[in-house]
Amino acid sequence: MSLLPYLIAAWLFLVGLYGIVTSRNLVHAVVCLSVVQSSTYVLLLAIGYERGGTAPIFLDVPVGTRAVDPVVSALTLTDIVVGATVSALLLALAVQTYKRHGTLDPEEFRSVRD
Amino acid sequence: MGALPALPVAVPLLVAAALVGLAPVIRRRPADAVAVATAATVAGLCAALLLQAAGGPVVYWFGGWTPRQGIALGVAFAIDPVGAGLATLAGVLATAALVFSWRYFEAVGTLYHSLMLVFLAGIVGFCLSGDLFNMFVFYELLSVSAYALAGYRTEDPGSLQGALNFAITNSVGAFLVLAGIALLYGRSGALNLAQLGQALASGPADRLVVVAFLLLLVGFFVKAAVVPFHFWLADAYAMAPTPVGMLFAGVVSELGLYALARVYWTVFSGPLAADAGGLRAVLLGAGVVTALVGGVMCLLQHHLTRLLAYATISHVGLTLTGLALLGPAGLGGAVLYAVADGLIKGSLFASVGIVQYHLGSVDELALRGRGRHLPWTATLVVLGALGLAGVPPFGTFLGKALMEEAAGAAGHAWLTALFVVVAALTAAALLRAAGRVFLGLGGPPARAVDAPPGPAHPTMLAPAALLLAGALAIGLVPGLAGRVELAAARFTDRPAYAAAVLQGASGPGGADAESHPPGYPAGPAGWATLAAVLGLALGIWPLLRRRPSGLRGRAAARLWAPVGAALRSLHNGHIGDSVTWLVVGMAAFGTLLALVVR
Amino acid sequence: MIVLEVAVMLLVAAGGTAVVLTRDPLNQAIVASFYGLLLGVMFLVFQSPDVALSQITVGAVALPLMILLALAKVRALGGRREDRE
Amino acid sequence: MSPSLRRRVFLVAAAVAGALLVWGLSGLPDYGIYRGPYGDVLNAVAVGERHATNVVAAVTFDYRGVDTMGEEYILFAAVIGVAILLRAQRDEREEAPDEDAADRRAPGTSNAVRVLGLALLGPVVLFGIYVVAHGHLSPGGGFQGGVVLATGALLVYLSGEYVTLRRVRPEALLDLAESSGAAGYVAVGLLGLAAGVTFLENVLPLGQAGTLLSSGMIPLINLAVGLEVAAGFVLLLSEFLEQTLVVRRPGEQT
């Protein structure tokens, strides 16, 4: 239990990479990349978690109540925005690639080099 | 506390947003002018910071959140001459690139200008930041802009594929960096580099420290395109529009190495101090392999921008060897070399852009003899090739001389041989291309295609010429070597950095300037000349022979061909392959580090 | 409480694996939406409601929507391509 | 590499890399123990110093506000990037987008769906604004609220009113909203410089903790972020949407 969330983060990281490596569809690869990224959310939030702590919001509870780390939340928020924007860009690239090559399969488009 | 440190990031971001908001009412030329003026302003602001930082570190706490009892609550820019110098380089290159775009792009809206300014702000923030997570944010900012810019020429299918591979591989690299940050945060509860360094210095180099260093190292190596993390680079750089390529090759590759140096000397140099010898061997190995693979691949190309892209990889390898010596002397040489080399790469990308614009192609075989009416461009390419080879008095020579000196002092004098070989390989490739394109050597002239006739427009020639002049100036400024070594000495002084950031201790900490003898050391100058001559021979000689080869040549070709073919097939631009190599590299570096540390 | 935490974490691990192993992009978008929701629940367990809200709006709604739209575009293009041939 | 070779190479390398990762992760403090000091210090001082009851918001928008500024510009760059990448596509076929407008309505939109969509629009928009405005008090803020608002715009599409949306040609307006939001963040930062303190330093009264008009500049930044995120996500979604619709031409619908 004391390591479980960290192990899950490592698992998500590798399983997402496996998806990218074996992907036959660029859109699929982009979604797999978002799984890789989600591992960093899990890792960050698990590191800042304090057993028995409340959310770091002192509206109904007084300051001084044991709370989890607010910093990892702020970091993860940034991370989520990064993830969404990178995914959007990649999807746009994938759509355009399909338009040029007529396929989304990385095996099928040979590189442009001579 | 003055406003200066915040402005080189805030100004381009504000202008970028304004350009998008005003897109319906602003015309092309005013938008060009605003973008150029903004980039030049950033360059000026960074230069001012550089001067200020030369007198002592400049620490700027955003929001006024100065640390309490050594605990950083906010985010700081911690500006030293190395970071400010790289930021200035980025500003100069961006200005040159935007001037170049004036004529190069027929019709662009303001979106391109905005994206370039955001890109520049990302680079500058990355160079100035003293906070690990803040570095990650700026790293992503510059990366996301770069992905879009790399795919900017959407009519080119290669461009899209290059951008996709670029974005996926670099994103994985960024997540590795973030995972490394998370590990360090879990151990120390800090994100400020100085505070992290203090927290780690008291502990051992245990498994967490090793793996955190591994994750950051691999993430930054992906950005720097160190072998085997380099498979994305050639497609992305070669297919990007020329002005974007100028920035990519000129400064972005070096940023990965800068970041590694920064985190090593602020955070890890305490716990890893005892293992510096093993670490040096690992980094030196990576640098040597990168330099050689890049150099050989460079010689194999006849697509000019792809050729320059591999030259970039090769020179990142050289810079890494300087850094790998893990001492201030090697670092100083590496910094000087990287800046001069960046200016020359920017100039060369611009020259190739002129070729592309006026001759409608960047394939040296399809261009044979067609560049005869571009004498200025030809001159710039040849001078650039000599600059890349490190011929005096270019700044690259001075940087290499410092690195060689440091290598000799550290018992690695053999690095000189590597420098000669790599300089010869990349110079050979460029001189061969110049010989073909501008002199028509090696065969009948190619058929012309429809393209705007010469002569090249001043807005395209001037940036290329001025960047090259900058690289010359770096080699000629008296006393620069001594100043750079002083800056490097301060860069590597972890306690002084921490004191400046966390306690506000000012004043030039660290070692005093080593007085560096003026003038050019004869030995290194001789080696550099040898490299240039070798490069000339290797590049031009095959073009002058009537028939392809004699018996011996054929035997050599038979030996050489499979190597070339294997290298080519490895560099196939497949996304799955790039990511697989990334994981292979991570496993390899991780195993080496685990063996080397303790 | 701990049982709940372990259960959510294992579900997330399974969900991420399912996203990767769903090879058809259209189905994958839907699985990814569920996975986004699961992550949101996990973040609530981690006492991070801000992040959970972000994750649910982005991961479970906006991103799957973008994927579906991109796929719709690809299909439309593919349809045209076949028409022409 | 062939697919099967690649898979095998990857699995071997990933086994080693995974072992290294786990080895390193096992050096972390046990799950459920946070050693600090960063978060603990902030939890102790932020409410007193910033009068923001949501400490995450205080960290996001003030203590580490410069990170969030970078983050907003990451979104900004991505929106521009997507527009640039999909641009060629739009130019090609934008002859007269409104002419065959009747055919552009999402197929199969029944009146019931339309009414439902429009009926939902009000509450969704209200909820979005609420989330933006209360970011410094309770969970939420500019980003989350902005995304909610953007989905509200999508409801308009789902209810078949895309053509209406299109006819008003809101793109320039959306660009303006997005860039004002982004510029607004920097401008709030410059307020500090204008007042002679540092960039992003609070210069507004902090107000009474727990009330809507408290926490100084944080609600202002939240507003800027909300504007940018809402407009940005609408632009992102509508770029893809446009891609879908542009192709769905008369005679080619399936």
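The values are calculated or read from the model by the stated rules, or taken from the named source; none is laboratory data. These figures come from a predicted structure and were not determined experimentally. Virtual Cβ from ideal backbone geometry, glycine too; neighbours counted across all protein chains shown. Just so you know, the surface numbers come from the protein's heavy atoms only, side chains and all, with ligands and any DNA or RNA stripped out. Shrake-Rupley method; radii C 1.70, N 1.55, O 1.52, S 1.80 Å.
Data overview
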read-out: Complete set of residues in the stretch B:8-46 that are more than 14 Å from B:Ala87 (Cβ to Cβ), assigned to a helix (DSSP H, G or I), within 14 Å of chain D (Cβ to nearest Cβ) and free of Cβ contacts under 8 Å to residues at least 60 places away in the same chain; value: B:Leu14, B:Ala18, B:Gly21
read-out: Answer from D:Ala19, D:Ala15, D:Ala46 - the residue that is within 10 Å of chain B (Cβ to nearest Cβ) and under 13 Å from A:Val71 (Cβ atoms); value: D:Ala46
read-out: Residues satisfying the stated conditions in the stretch A:56-73, i.e. of a type outside the set (A, V, I, L, M, F, W, C), open to solvent by 10 Å² or more (accessible area, probe 1.4 Å) and out of contact with any Gly (no Cβ under 6 Å at 6 or more places or on another chain); value: A:Asp60, A:Pro62, A:Gly64, A:Thr65
read-out: Residue within the stretch B:100-115 that is in contact with a Gly (Cβ under 8 Å, 6 or more places away or on another chain), open to solvent by less than 10 Å² (accessible area, probe 1.4 Å) and more than 8 Å from every other protein chain (Cβ to nearest Cβ) present; value: yes
read-out: Cβ pairs under 6 Å, 6+ apart, first in the stretch B:583-594 and under 19 Å from A:Val15 (Cα atoms), second open to solvent by 40 Å² or more (accessible area, probe 1.4 Å); value: B:Ala587/D:Val16
read-out: Where a residue in the stretch B:80-95 is closer than 10 Å to B:Cys127 by Cα and its partner, wherever it lies, is β-branched (Val, Ile, Thr) and open to solvent by 20 Å² or more (accessible area, probe 1.4 Å), with Cβ under 6 Å and at least six apart; value: B:Val82/B:Val335
read-out: Residues of the stretch B:116-130 classified as closer than 28 Å to B:Tyr264 by Cβ and facing another protein chain (nearest Cβ under 8 Å), total; value: 4
read-out: Qualifying residue in the stretch B:52-69 (condition: modelled with pLDDT under 95 and farther than 21 Å from B:Gly2 by Cβ); value: yes
read-out: Candidate set from the stretch B:57-82 (those that are more than 10 Å from chain D (Cβ to nearest Cβ) and open to solvent by less than 10 Å² (accessible area, probe 1.4 Å)); member that is nearest to the chain's Cα centre (by Cα); value: B:Ile79
read-out: Residue in the stretch D:197-210 that is part of a helix (DSSP H, G or I) and either open to solvent by less than 40 Å² (accessible area, probe 1.4 Å) or at pLDDT 90 or above (or both) present; value: no
read-out: Check on C:Leu68, open to solvent by 20 Å² or more (accessible area, probe 1.4 Å), more than 7 Å from every other protein chain (Cβ to nearest Cβ) and touching a residue at least 40 places away in the same chain (Cβ under 8 Å); value: yes
read-out: Residue match in the stretch B:200-219 (condition: more than 9 Å from every other protein chain (Cβ to nearest Cβ), among the polar types (S, T, N, Q) and crowded, with 24+ Cβ neighbours inside 10 Å); value: no
read-out: Among the candidates A:Thr76, A:Thr85, residue that is at the interface with chain D (Cβ under 7 Å from one of its Cβ atoms) and crowded, with 24+ Cβ neighbours inside 10 Å; value: A:Thr85
read-out: Within the stretch A:1-58, tally of residues that are facing chain D (nearest Cβ under 9 Å) and in a loop (DSSP other than H, G, I, E, B); value: 13
read-out: Pair list, Cβ under 6 Å, 6 or more apart: the stretch B:564-575 residue within 12 Å of chain A (Cβ to nearest Cβ), other residue in a helix (DSSP H, G or I) and open to solvent by 50 Å² or more (accessible area, probe 1.4 Å); value: none
read-out: Test for D:Arg50: is it open to solvent by 20 Å² or more (accessible area, probe 1.4 Å) and among the basic types (Lys, Arg); value: no
read-out: Qualifying positions in the stretch A:88-106 - open to solvent by less than 10 Å² (accessible area, probe 1.4 Å) and β-branched (Val, Ile, Thr); value: A:Val95, A:Thr97
read-out: Failed item, numbered, when B:Met239 is tested on (1) within 14 Å of chain D (Cβ to nearest Cβ); (2) open to solvent by less than 10 Å² (accessible area, probe 1.4 Å); (3) of a type in the set (A, V, I, L, M); value: (2)
read-out: Residue list for the stretch D:65-86, restricted to those being over 18 Å from the mean Cα position of the chain (by Cα) and facing chain B (nearest Cβ under 7 Å); value: D:Ile84, D:Leu85
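One line per residue, one yes/no per condition, for (1) in contact (Cβ under 8 Å) with a residue 24 or more places away in the chain; (2) closer than 30 Å to D:Glu49 by Cβ; (3) crowded, with 19+ Cβ neighbours inside 10 Å:
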| site | (1), (2), (3) |
| --- | --- |
| A:Val30 | yes, no, yes |
| A:Ser38 | yes, no, yes |
| A:Leu44 | yes, yes, yes |
| A:Thr54 | no, yes, no |
